[in-house]
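Everything below concerns the one structure shown next.
Just so it is clear, none of the values below were taken in a lab; they were calculated from the coordinates. Model, not experiment: these values are computed from the prediction. Note: ideal-geometry Cβ built from the backbone for every residue, glycine included; neighbour counts use all protein chains shown.
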There are 2 protein chains.
Amino acid sequence: MTTLIDGKAVAKKVNQATQVEVAKLVERGIQPGIVVIIVGADPASQIYVRNKNRKAEKLGMHSIVRELPETTTQAELLSIIAEYNVDPSIHGILVQSPLPKQINEPLITLAIDPRKDVDGFHPTNIGKLLTNFPGHYPVANTPRGIMTMLAAYDIDPAGKTAVVIGRSTIVGKPMAALLTNANATVTIAHSRTKDLKAVARTADILVVATGIAHLITGADLKPGATVIDVGMDRDANGKLVGDVDFDSAQGIAGAITPVPGGVGPMTIATLMQTTVELAKWSDLGE
Amino acid sequence: MTTLIDGKAVAKKVNQATQVEVAKLVERGIQPGIVVIIVGADPASQIYVRNKNRKAEKLGMHSIVRELPETTTQAELLSIIAEYNVDPSIHGILVQSPLPKQINEPLITLAIDPRKDVDGFHPTNIGKLLTNFPGHYPVANTPRGIMTMLAAYDIDPAGKTAVVIGRSTIVGKPMAALLTNANATVTIAHSRTKDLKAVARTADILVVATGIAHLITGADLKPGATVIDVGMDRDANGKLVGDVDFDSAQGIAGAITPVPGGVGPMTIATLMQTTVELAKWSDLGE
């Protein structure tokens with residue numbers, strides 16, 4: 001009776017719509033362009049960046065992967081960002097995490113033109129999201145993709161109790177802002193929360209983004225809850241698992257995302273969607 | 001057994017420290033300067049602006065009240081803000097709410113240089129607050145003043161359950177961000193929250209900012225809770241009261257702010273403190 005929220009299927013629909021939008025823009029002489037800057041040779045990042053690149057090309061976008069050595073300095077990285085900030089063929093700039101320790105990551109986030117901030121991590125964009133500012137601006141792709149999935153399954157957060165476990169800039173904080181703006185009553189829980197499981201049990205919508213494999217089990221859920229698992233963890237056998245124990249959640253959760261095949265594909269699809277929007281807004285002078 | 005949180009007394013200490021800081025800066029040739037721009041003749045705003053002006057002058061600051069007619073256009077207001085953005089004698093620019101309907105308030109917020117945004121409402125500053133960004137930036141004065149009061153009474157939010165009722169840009173949202181950054185587990189409740197009173201009863205720290213007189217009574221409190229009342233409401237007899245029924249909270253709350261004499265004086269004291277900080281940071285080139 002637990003609905004499987006099929007992120008892969010929703011992502012496919014999002015990608016189809018993106019491909020149509022790209023084609024329309026190309027017809028008007030604008031090819032949406034994204035650059036992913038990667039510093040150093042983190043193997044997981046390299047796989048992830050290659051996937052983004054392949055997807056962007058498949059959808060008809062202009063896609064660049066700019067690989068920089070591990071020894072890149074702050075000044076060098078800033079100057080490369082400045083170059084793409086004024087490059088009219090690039091609408092989205094993404095600097096892949098993690099960055100080597102000589103790089104001041106907050107200053108890198110600030111250096112990206114907010115209009116090209118395809119990750120939605122620039123303070124100006126985060127502040128607009130928090131205050132539900134009018135107009136167009138990019139929103140962090142993982143939480144935005146989760147909102148798209150909820151909508152695809154007709155799960156309206158309005159009036160519901162939502163709990164977000166994790167308070168990162170990438171997921172937890174923008175997720176809480178989106179759910180608050182969608183009229184949910186939102187609690188942000190985290191590593192310093194006492195009795196985390198009791199808090200989890202209050203949730204009609206539970207988003208778990210902790211990086212701790214199987215932190216939440218079926219016993220921690222309110223029966224019928226919608227469970228969104230942002231985790232991409234490895235269990236003792238090296239198998240990819242989520243922050244939620246999927247098996248024990250069966251029959252208790254009302255709906256749940258699998259890992260893999262839930263949040264992951266939605267994040268990349270939403271990144272593509274955001275790139276196209278940035279291209280469109282830039283053409284409108286917004 | 002309920003501690004009275006004496007905002008007036010804490011504000012007095014903050015103001016004393018501010019006066020010392022002003023004197024130090026003046027010795028170095030920098031007089032902190034604030035301009036309050038008021039459009040139209042809202043009587044409550046005029047009293048409030050006069051109070052700010054008097055306090056700033058009393059503390060030794062340069063203080064301007066710029067009164068504009070109700071018919072001021074968006075372009076006129078933008079051009080006046082642009083003037084103060086480059087005026088080296090002004091470190092803090094505050095545009096008093098409410099604004100007449102021909103003014104687009106979000107665009108006014110965006111037009112103020114974030115380094116002179118003494119209210120802390122610019123999206124860039126709000127985004128930095130939400131993400132606990134490193135470095136200096138102004139933070140909305142009402143919630144920041146509340147944090148100062150909590151600290152003055154040795155009430156540490158870490159590990160506690162906090163509930164903020166109200167999700168405004170001025171109070172609720174920055175309050176929730178500050179409490180999350182201080183390691184509380186925070187719930188933002190609002191007009192769409194089901195069973196608001198049950199949510200209120202979970203709070204170790206309850207901040208009420210709804211503008212609804214006596215919305216919360218003693219029966220809605222967890223025994224021992226710290227209660228911060230941001231309301232400035234009028235009861236049926238025209239008497240100034242808070243969002244919390246102070247009398248019925250006695251003996252149940254562990255600590256409570258009165259109205260008046262609680263949050264109100266802290267907001268003005270914190271505004272003065274922020275102005276001086278902006279002057280100091282501008283001198284440091286930050």
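Just one residue in the set B:210, B:193 is among the β-branched types (Val, Ile, Thr), in contact with a Gly (Cβ under 8 Å, 6 or more places away or on another chain) and touching a residue at least 40 places away in the same chain (Cβ under 8 Å); that residue is B:210. Across segment A:179-208, the qualifying residues are those that are buried (at least 24 other Cβ atoms within 10 Å of the Cβ) and not β-branched (Val, Ile, Thr), and the one among them that is farthest from the other protein chains (Cβ to nearest Cβ) is A:206.
Only residues that are more than 18 Å from residue A:129 (Cβ to Cβ) and of a type in the set (A, V, I, L, M, F, W, C) were counted in segment A:159-197, giving 4. Looking across segment B:98-124, the residues that are in a loop (DSSP other than H, G, I, E, B), under 17 Å from residue B:52 (Cα atoms) and within 14 Å of chain A (Cβ to nearest Cβ) come down to B:119, B:120. Within segment B:171-209, the set of residues being assigned to a loop (DSSP other than H, G, I, E, B) and aliphatic (A, V, I, L, M) comprises B:171, B:182, B:184, B:203, B:209. Among the residues of segment A:166-176, those identified as within 13 Å of residue A:121 (Cβ to Cβ) and either facing chain B (nearest Cβ under 7 Å) or aliphatic (A, V, I, L, M) (or both) are A:169, A:170, A:171, A:173.
Could you list all residues from segment B:125-142 that are within 13 Å of chain A (Cβ to nearest Cβ) and in contact (Cβ under 8 Å) with a residue 12 or more places away in the chain? B:125, B:126, B:129, B:130, B:132, B:135, B:136, B:137, B:138, B:139, B:140 - these are the residues of segment B:125-142 that are within 13 Å of chain A (Cβ to nearest Cβ) and in contact (Cβ under 8 Å) with a residue 12 or more places away in the chain. The single condition among (1) assigned to a helix (DSSP H, G or I); (2) surrounded by fewer than 24 Cβ atoms within 10 Å (Cβ to Cβ); (3) more than 10 Å from chain B (Cβ to nearest Cβ); (4) in contact with a Gly (Cβ under 8 Å, 6 or more places away or on another chain) that residue A:149 does not meet is (2).
Taking segment B:210-252 as the range and being in a loop (DSSP other than H, G, I, E, B) and among the small types (Gly, Ala, Ser) as the test, the residues that pass are B:211, B:213, B:224, B:225, B:231, B:236, B:238, B:242, B:251.
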